[in-house]
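Trainee: Structure in structure tokens, see below.
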Amino acid sequence: MKRNPPTKRGRISTKTQRFYCKDCNRAFTADFSGKRRRHAPELIKEAIVLSIENRLSLREAAAKLGVSHQSIANWIKKYGSRCMSSEQINQQLKPQWSGILGIDGKPIKLFDKEYVLLLAVDLVSQDPVHFNLVEAENHEQCQRFLLTIRDELRYPLQAVVSDMGKGRVFLKLAAELFPFIPHQLCVVHFLRYLHMFLPRSQKSTYYHHNRFLKQIIAQIVLADNIQDAEELLGRLLAVKEHFTAPYQRKFIRSIE
């Protein structure tokens with residue numbers, strides 16, 4: 001039997017093998033579920049990316065792609081249920097961990113509700129160590145996250161790198177749970193905050209002060225070695241009293 005069913009990719013010519021049952025005298029078709037799809041895999045992937053990574057609502061993604069928002073919700077549930085846990089990924093990939101652990105939290109909107117994806121990655125091998133979807137990046141959720149890495153996954157921790165935003169919660173937790181492990185704030189995040197919160201307007205009273213402060217702080221955090229960083233920090237502290245704005249003093253305390 002030849003058919004031309006309509007799909008999102010247009011009408012596709014297909015041939016279906018039918019069989020005849022001698023017992024009930026009826027014709028039937030073998031089960032080909034999953035073999036012929038109404039929507040292309042590329043379309044499904046794009047819908048999931050728009051909803052999760054680009055943080056569009058289901059209705060916004062549906063309007064953009066010309067599908068129903070319920071279809072996108074079903075795809076997210078279907079493919080999400082197939083995802084491996086971090087433990088299963090580690091068992092299968094058997095990564096060679098360096099012990100340098102990067103931790104971050106990424107806000108994600110699912111079904112019009114805000115969540116946070118806690119993610120820990122080995123910064124040398126770039127292998128995922130652990131990830132967990134939580135309702136908020138708070139002390140309780142982050143503590144459970146780190147305890148899983150320490151006690152269940154037994155990650156060979158040598159150093160921790162985290163951000164300074166909502167991830168400040170990791171500062172105290174890392175000191176409590178990993179007391180003898182060095183903890184570094186992420187340079188990329190720090191410079192991003194410096195750019196965001198230090199006024200750049202030329203109309204600002206402190207324009208020249210802010211420009212100098214931004215330049216020297218960037219040089220400090222990007223220094224090739226600790227000696228150069230300390231020398232630059234000494235220059236900054238020597239003129240510290242000239243920076244009187246509260247946000248300027250805040251950044252100087254952070255870099256100290």
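The values are calculated or read from the model by the stated rules, or taken from the named source; none is laboratory data. As the structure is a computational prediction, the values presented were derived from the model and not from experiment. Neighbour counts are summed over all protein chains in view; Cβ atoms, including those assigned to glycine, are modelled from backbone coordinates with ideal geometry.
Table: residues versus (1) assigned by TED's automatic domain parsing to the domain that holds Ile72; (2) at pLDDT 90 or above; (3) of a type in the set (Phe, Trp, Tyr).
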position	(1), (2), (3)
Phe111	no, no, yes
Leu118	no, yes, no
Val129	no, yes, no
Gln143	no, yes, no
Pro156	no, yes, no
Val161	no, yes, no
Leu171	no, no, no
Phe178	no, yes, yes
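Trainee: Where in the stretch 112-207 are the helices (runs of 4 or more DSSP H), entirely inside, with at least 1 residues that are over 26 Å from Ser85 (Cα atoms)?
Mentor: Per the criteria, 169-177, 187-197.
Trainee: Identify, please: which residue in the stretch 224-251 is crowded, with 16+ Cβ neighbours inside 10 Å and within 18 Å of Pro199 (Cα to Cα) and is, among those, farthest from the chain's Cα centre (by Cα)?
Mentor: It comes out as Phe243.
Trainee: Starting from the stretch 105-123, keep only residues that are within 24 Å of Leu153 (Cβ to Cβ), then list their pairs with residues that are of a type in the set (S, T, N, Q) whose Cβ atoms are within a distance under 6 Å, requiring at least 6 positions of separation or different chains.
Mentor: Taking only residues 6 or more apart or on different chains, the pairs are Leu118/Asn132; Asp122/Ser98.
Trainee: Please indicate, with yes or no, whether at least one residue in the stretch 1-13 is at pLDDT 80 or above and either of a type outside the set (D, E, K, R) or assigned to a loop (DSSP other than H, G, I, E, B) (or both).
Mentor: No, every residue in the stretch 1-13 fails to be at pLDDT 80 or above and either of a type outside the set (D, E, K, R) or assigned to a loop (DSSP other than H, G, I, E, B) (or both).
Trainee: Quick check on my filter: what residues within the stretch 88-106 are part of a helix (DSSP H, G or I) and of a type in the set (A, V, I, L, M, F, W, C)?
Mentor: Within the stretch 88-106, Ile89, Leu93 meet the criteria.
Trainee: Continuing with this model, one more query. Scan the stretch 185-199 residue by residue and report those that are touching a helix residue (DSSP H, G or I) at 6+ places or on another chain (Cβ under 7 Å) and without any contact (Cβ under 8 Å) to a residue 60 or more places away in the chain.
Mentor: Hits for the stretch 185-199 are Val187, Leu191, Leu194, Phe197, Leu198, Pro199.
Trainee: Does Asp127 count as of a type in the set (Asp, Glu), in contact (Cβ under 8 Å) with a residue 40 or more places away in the chain and buried (at least 16 other Cβ atoms within 10 Å of the Cβ)?
Mentor: So Asp127 fails the test.
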